[in-house]
Every structure is written in structure tokens, then in C-alpha cells.
Amino acid sequence: MIQVKIDPRILEACPETRIGLISATVVNEPTSDELWTEIEAAAADIKARYQLLEINQRPAIAATRHLYRTLGKDPSRYRVSSEALCRRIIRGLGIYRLTTLIDVVNLVSIKSGYAISGLDGDHIVGDTLTMSVGTAQDEYHGIGRGVLNIEGMPCYCDAVGPIATPTSDEERTKFTELTVKAQININAFAPEMPVGEAVDWMASLLKKYAHATNIETVIYSPTIE
């Protein structure tokens, strides 16, 4: 299991931070009809429960937005991924049907409110991820977004550089049809769905839909040193 370290600035802003870590050997196939039915049900629930201007008040989303503001990033310009998904749903734009791994991550994110980093473990360099704060010097290519300015944004870095933020993961470590090792980080900067519940549900979805084996899970509960 990969190790995680967190910058004290992030913990000072969000002292309740918990990171749910899931790693597994997987098969990343096109999303099945059964999985898509689960996603559609989750989307319908979100649309029934929230108005557009209420979605950023969900505890998990509100905490991540608070972290962005504290670090100097505008969360309305650089939206948290879970917020962006829910806004699309409420606006009637729907969400894209992609691959099993991406859509499992999206399903848990929609239901939990947490921004979730879905990474190809074989493209992570080293055995440690450090959640730090992005700088103006960081070169970052968000998935489907081109160059993304991550200055003032919380970001996971491996031994080479930044690979994931709550807004968008990086092209270098994205899930593809060739992904066989998934590393998924559930970023809970404040509690909404119990983190253990989210981790267990993610593991069960991977097993059910991505033929996951060698599943390992850990809940990382950091403290300010």
C-alpha cells in the first residue's frame, strides 16, 4: 500500500481530514449496464434532493471549497470534481459514460460528496504520495482540460511531480483501458458519508464491476505535528 504524507497547511485548514486509500488489481472494461443503472439512480437522487445553489453546502464539498479559499484558490473558478459532477446532474446535462474505473469513482463521489483521486498505480513513481500545495512553477495537465493552473490548490505529488488535485487528476496517471493496478484516494476534508463506509463501498464496487483482486484498504488519519 502506498504511503501518504500531508502538508501541515492542509491539516491546519481542515483538521478533520481523512484519506481513504484503496489499491487493487483490476480489469478496466467499458461500463456495464448494471453499473450505469446504479449511477443513474444516484444522479436521480441528487437531482431530487438538491437545488443548484445548495450543492456547495454539502459538508464534503463545503470543506474542500474552504480549503481552496484558505490556500488562495477560487473554488468557484476551479470547481471541486464532486461539485462539478453534481452541478451537471442538477442542470440536466448528465454525466459521461466512460469506463468501469472512472464510473465507479464517479458513483462514489456523487453519493459521498468527496473528491476522489483515481490513479493508475503503475504510473505512480515511488512509494509515497505527498499532498502538498501547488505552485506557479508546477506543470500540470488536467485530464481533458489541458494545462491547469494548480497554484494554491491541494495536490498529490509522487517522486516526479503533481499527479492529482480535487479538481482534476493529471494525464500521466489517469485510468486507461490498459490499467491493471488502481490506486484510489477518497479525500475527506470533513465528514459526510463515513469514510470507512465509502472505502468499503468502493472496494465492493471494484470487486463487482472491475473483477478486483488483491484489494487493500487503509484509512489515513493524519495529525498536525
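Ordering LEU148, LEU71 by accessible area with a probe of 1.4 Å, largest first, what comes out?
Ranking LEU148, LEU71 by accessible area, largest first, yields LEU71, LEU148.
Based on Cβ point charges of +1 for Lys and Arg and -1 for Asp and Glu, what charge dipole magnitude is obtained for the chain about its Cα centre, in debye rounded to the nearest 20?
700 debye
Kirkwood Rh over Cα pairs of the range 114-225 into Stokes-Einstein at 4 °C, 1.567 mPa s: D in µm²/s? Display every interim value, and only then the final one.
Numbers: Rh = 15.0 Å.
Using the Kirkwood radius from Cα pairs, D works out to 87 µm²/s.
Can you find, among MET131, SER82, VAL27, the residue farthest towards the positive end of the dipole of the range 22-144? Put +1 on the C-beta of Lys and Arg, -1 on that of Asp and Glu.
Towards the positive end, the residue furthest out is SER82.
With each run of n ≥ 4 DSSP H residues scored as -39500 (n - 2.57), what mean residue ellipticity at 222 nm is computed for the chain after dividing by its residue count and rounding to the nearest 500 deg cm²/dmol?
Only helices count here, giving -10500 deg cm²/dmol.
Could you provide, to the nearest whole Å², the per residue accessible area of the chain with probe 1.4 Å?
Spelled out: the 1.4 Å probe surface of the chain, per residue, equals 45 Å².
Calculate what fraction, in whole %, of the accessible area of the range 68-136 sits on carbon and sulfur atoms when a 1.4 Å probe is rolled over the protein chains.
The value for the range 68-136 is 47 percent carbon and sulfur by accessible area.
Please give the peptides 132-144, 80-92, 202-214, 45-57 ranked by average Cβ packing (other Cβ atoms within 10 Å per residue), highest first, as a rough proxy for protection.
Averaged packing, sorted descending, gives the order 80-92, 202-214, 132-144, 45-57.
With +1 assigned to the C-beta of every Lys and Arg and -1 to the C-beta of every Asp and Glu, and no other charges, what is the dipole magnitude of the range 1-126 about the Cα centre in debye, to the nearest 20?
Approximately 700 debye in magnitude.
Among LEU93, LEU119, LEU107, determine the one that fluctuates most according to a GNM of the chain built with springs between C-alpha atoms less than 10 Å apart.
LEU93
Using Cα-Cα distances under 8 Å and only pairs 6 or more residues apart, what relative contact order does the chain have, in percent?
Working: 454 pairs, mean separation 86.1, N = 225.
Answer for the chain is 38 percent.
Let me check I have the definition right: for the chain, take the eigenvalues of the Cα gyration tensor, multiply each by 5, take square roots. What are those semi-axes in whole Å, largest first?
So the three semi-axes of the chain are 23, 21, 17 Å.
Report the local net charge at GLU38: Lys and Arg +1, Asp and Glu -1, summed over other residues whose C-beta lies under 13 Å from its C-beta. Intermediate results must be reported in sequence, preceding the final value.
Values: positive: ARG97, LYS111, LYS208; negative: ASP33, GLU34, GLU40, ASP45, ASP103.
Residues close to GLU38 contribute a combined charge of -2.
Label the range 179-225 by shape, choosing from rounded, prolate and oblate, from the square roots a ≥ b ≥ c of the eigenvalues of the Cα gyration tensor; if a/c is under 1.5 it is rounded, and otherwise prolate applies when a/b is larger than b/c, oblate when it is not.
prolate
So how strong a dipole does the range 116-225 carry about its Cα centre when Lys and Arg Cβ are +1 and Asp and Glu Cβ are -1, to the nearest 20 debye?
300 debye
Considering the options ALA63, VAL180, PRO8, tell which one lies farthest towards the positive end of the dipole of the chain, charges being +1 on Lys and Arg and -1 on Asp and Glu at the Cβ, about the Cα centre.
Positive-end residue among those listed: ALA63.
By how many nm would the segment from ASP127 to HIS66 lengthen if fully extended, with 0.36 nm per residue of separation less the alpha-carbon distance?
19.0 nm
Taking only C-alpha pairs under 8 Å that are 6+ residues apart, what is the relative contact order of the range 102-198 in percent?
36 percent
The values are calculated or read from the model by the stated rules, or taken from the named source; none is laboratory data. All values reported here derive from a predicted model rather than from experimental measurement. All Cβ positions, even for glycine, are placed from backbone atoms using ideal geometry, and neighbour counts span all protein chains on display. Just the protein is used for accessible areas: all its heavy atoms, side chains included, with ligands, DNA and RNA removed. Shrake-Rupley method; radii C 1.70, N 1.55, O 1.52, S 1.80 Å.
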